[in-house]
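The structure appears right after this line, and notes come after that.
What follows draws every value from the coordinates through simple rules; no lab data is involved. Since the model is a prediction, treat every value here as computed from it, not as a measurement. Positions of Cβ are backbone-derived with ideal geometry, glycine not excepted, and every protein chain shown enters the neighbour counts.
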Amino acid sequence: MPEQEDDKLQPPMHVRQITLADGRYMIFYTFGDEAPEAAEKEGDV
Amino acid sequence: MSELRFNPLLGEWVATATQRQDRTFLPPPDFCPLCPTKPGHFPTEVPEPDYDIVVFENRFPSLKRNPDEPVLEPDGIYDVRPSKGVCEVVLYTPDHYTTLAAASLERIFKLVRVWRHRYEELGKLDFVDYVFIFENKGEAVGVTLHHPHGQIYAYPFVPPVVKKELEQCSKHFDETGRCLLCDIVEKELAFEKRVIAQNDSFAAYIPFFARYPYEVHITTRNHRKSLAEFSVDEERKLAEILKQVMAAYDRLFDRSFPYIMLLHQAPSDGKAYDYYHFHIEFYPPMRTAEKLKYLAGSEAGAGMFINDTLAEEKAAELRALVEPVSWK
């Protein structure tokens with residue numbers, strides 16, 4: 001399938017990870033063209 | 001305190017996790033720890049006023065990245081080890097009052113992509129041999145928090161049920177040169193009477209060997225070992241068939257239908273497992289609108305399930321309730 005069609009079917013997924021007060025991690029997944037605010041660790045998939 | 005204790009009779013590990021006794025139990029909606037934290041309101045586990053999908057380490061985990069040392073030393077036939085692994089909670093939506101069955105295809109598709117990402121990321125950890133994605137839904141299966149969510153356990157070993165499936169699939173491949181689940185899907189689609197729904201990429205059926213009255217399996221029609229091998233179209237088709245099956249479940253007794261949902265896919269221990277095949281299994285505890293199927297003596301003590309119903313009849317009931325789905 002052409003790449004352009006893949007992009008339409010699958011909007012970018014953004015991954016933003018934070019560390020909670022007790023040391024556990026929490027990962028926020030958002031989708032769409034706009035990336036959320038930067039935090040400790042993030043990436044686009 | 002948490003540790004893994006070995007059962008020498010069954011050759012299996014048992015997680016002892018005493019901190020789970022005090023975990024949050026059926027709080028009222030205003031005190032739901034999985035909702036977003038709204039300004040001026042009760043601080044929840046999620047320190048933001050909104051989210052799409054969130055994954056975090058379970059506050060009451062059975063397995064931890066940095067576990068404590070066990071309270072007892074290994075002693076001959078009684079082996080014990082730290083409960084090393086990962087337990088994650090996956091919040092499907094910020095909406096406390098909905099369910100995955102009622103969610104849009106777009107949301108379920110997002111979840112499938114998150115599942116894939118977690119499977120791949122947790123599978124890279126050198127202490128993880130198996131990434132197990134599942135959902136417990138409804139008080140009837142022991143759910144303690146109603147907010148729509150699932151869990152992920154990253155085990156330091158291949159768990160017993162999956163191990164047995166792998167052995168059966170390997171044996172079938174050695175004997176026939178074919179994938180067992182490919183053969184099962186082919187038989188179910190040919191027989192038709194146990195099929196609930198299908199699309200280009202998936203078949204949903206009550207299996208020939210169903211143990212629960214409304215047990216449904218969703219299996220890829222092409223040979224895929226895990227979510228990591230899915231195309232974008234297969235991820236979308238999975239969202240479609242999940243929605244169809246879960247919505248049909250809710251129509252059965254005209255109420256939100258309890259179930260255990262689990263994903264069986266290839267282990268992450270570095271071995272090939274080319275003979276294994278991705279599939280999802282649903283174990284619903286309801287056998288009628290009013291009655292539960294309990295795991296009693298034969299099931300729990302001997303491992304032989306007794307199904308009081310015919311798979312073909314239950315499949316006909318569910319199939320009649322499946323409706324087309326559409327993307328926005």
Please give the Cα centre distance for segment B:94-137 versus segment B:260-316, rounded to the nearest Å.
19
Choice from B:VAL131, B:VAL14, B:VAL86 with maximal GNM fluctuation in chain B (Cα, 10 Å cutoff)
B:VAL14
How large is ³J(HN,Hα) for each residue in segment B:136-143, as worked out from phi by the Karplus curve 6.51 cos²θ - 1.76 cosθ + 1.60 (θ = phi - 60°), to whole Hz, x for Gly and Pro?
9, 10, x, 4, 4, 9, x, 5
Ordering B:134-141, B:195-202 by per-residue average of other C-beta atoms within 10 angstrom, highest first, gives B:195-202, B:134-141
Hey, can you grab everything whose amide H is under 5 Å from the amide H of B:ARG287? Only 5+ residues off in sequence or another chain; H modelled, so Pro and N-termini drop out.
B:LEU292, B:LYS293
Hey, got the average number of other protein chain Cβ atoms within 10 angstrom for residues in A:18-25?
4
Hey, got the average number of other protein chain Cβ atoms within 10 angstrom for residues in B:53-60?
5
Sparse-neighbourhood loop sites, chymotrypsin sites (Phe, Trp or Tyr not before Pro) in segment B:212-275 - DSSP loop, at most 14 other Cβ within 10 angstrom:
B:PHE253
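Helix-only mean residue ellipticity at 222 nm, chain B, DSSP H runs n ≥ 4 weighted -39,500 (n - 2.57), per residue, nearest 500. What is it?
Details: 5 runs with 78 residues, N = 328.
That comes out to -8000 deg cm²/dmol.
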Cα-derived Rg over Rh, computed across the protein assembly as shown with Rh taken as Kirkwood radius:
0.95
To check you understand DSSP bridge types, tell me what percent of the beta bridges within chain B (both residues inside) are antiparallel, rounded to 5.
95
Looking only at B:TYR205, B:TYR51, B:TYR294, which one moves most when chain B is put into a Gaussian network model with springs between Cα atoms under 10 Å?
B:TYR294
Connecting C-alpha atoms closer than 10 Å in a GNM of chain B, tell me which of B:HIS117, B:HIS146, B:HIS279 has the biggest fluctuation.
B:HIS117
